[in-house]
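Please read the structure below before turning to the comments.
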Amino acid sequence: MVSQSPSAERSADDPALARSVIAPPSVARAMAVDPGLRHRMVSEVAFNLYAHRGCADGYALDDWLQAECIVDARIARLDRDEAS
């Protein structure tokens, strides 16, 4: 059974987590096609999740997967905003 970290309950719309990924819309398009930049952003968000939880070990995969969701949701939201 996989235990879920307390931060996993936080959504991609959480302002505290949203601040950890700051990119203007023009950069968001580049992130959608640049896997290196996306990887760096996911890494930064995953670290912020780890730090927010008090640097408790044992949740690296949970943090990474949640960070991917947060980054992808933010990119999608920026793309939608830019398209409208």
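Label sites at residue 83 and residue 44, each approximated as a point 7 angstrom past Cα along Cα to Cβ, lie 2.5 nm apart.
Sorting 61, 78, 49 by the number of Cβ atoms found within 10 Å of their own Cβ, with the fewest placed first, yields 61, 78, 49.
Every number in this text was worked out from the coordinates using simple rules, so none of it is lab data. Computed from a predicted structure; not experimentally measured. Glycine also receives a Cβ, built like all others from the backbone with ideal geometry; neighbour counts cover every protein chain displayed.
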